[in-house]
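**Student:** Structure below; questions to follow.
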Amino acid sequence: MSRAVSESGLSRHAVRTWERLAEAGAEGVEVAELTVAVGFRRSTVLGHLKGLAELGLAEDHEGVWRATGPAEGAAAGEGVGASAGSVS
């Protein structure tokens, strides 16, 4: 799964955010904890999460974020260009 995400056209920073989500497993992680884990500002992490959610790679459950599988076409890079530009 991680390979598919890293080949999705997302920036390496967004991929790093997704990888930390994946490491959290089914329990997920809150934004504050994720911010510390990846070392980015909260606004950056929130931008990553929004972009990842739009691609079907993350989902929010009442403030707890979890990694999900790639949306159809995301692994192949189809239709990712416009969204990936905003996920840095």
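The values are calculated or read from the model by the stated rules, or taken from the named source; none is laboratory data. Bear in mind the structure is a predicted one, so any value in this text is a computation, not a measurement. Positions of Cβ are backbone-derived with ideal geometry, glycine not excepted, and every protein chain shown enters the neighbour counts. The accessibility values were calculated without ligands, DNA or RNA, using every heavy atom of the protein model including side chains. Shrake-Rupley method; radii C 1.70, N 1.55, O 1.52, S 1.80 Å.
**Student:** Are there any pairs with C-beta distances below 7 angstrom linking a residue in region 10-21 that is open to solvent by 10 Å² or more (accessible area, probe 1.4 Å) to a residue that is of a type in the set (F, W, Y), with the two at least 6 apart or on different chains, and if so which?
**Tutor:** H13/F40
**Student:** List, please: which pairs have Cβ atoms under 7 Å, are six or more places apart or on different chains, and start with a residue in region 23-34 that is farther than 9 Å from A67 by Cα and end with one that is open to solvent by 100 Å² or more (accessible area, probe 1.4 Å)?
**Tutor:** V31/R42
**Student:** When you scan region 24-49, how many residues do you find that are open to solvent by 20 Å² or more (accessible area, probe 1.4 Å) and more than 14 Å from S11 (Cα to Cα)? If you could, list the steps in order and put the result at the bottom.
**Tutor:** Pass one, region 24-49, residues open to solvent by 20 Å² or more (accessible area, probe 1.4 Å): 24-27, 30, 32-33, 35-37, 39-44, 46-47.
Adding the requirement that they be more than 14 Å from S11 (Cα to Cα) leaves 24-27, 30, 32-33, 35-37, 39, 41-43, 46.
Matching residues across region 24-49 total 15.
**Student:** Check region 60-80 and report whether any residue there is assigned to a helix (DSSP H, G or I), among the small types (G, A, S) and at pLDDT below 90.
**Tutor:** As a first pass, look at region 60-80 and keep what is assigned to a helix (DSSP H, G or I): none.
For region 60-80, residues assigned to a helix (DSSP H, G or I), among the small types (G, A, S) and at pLDDT below 90: absent.
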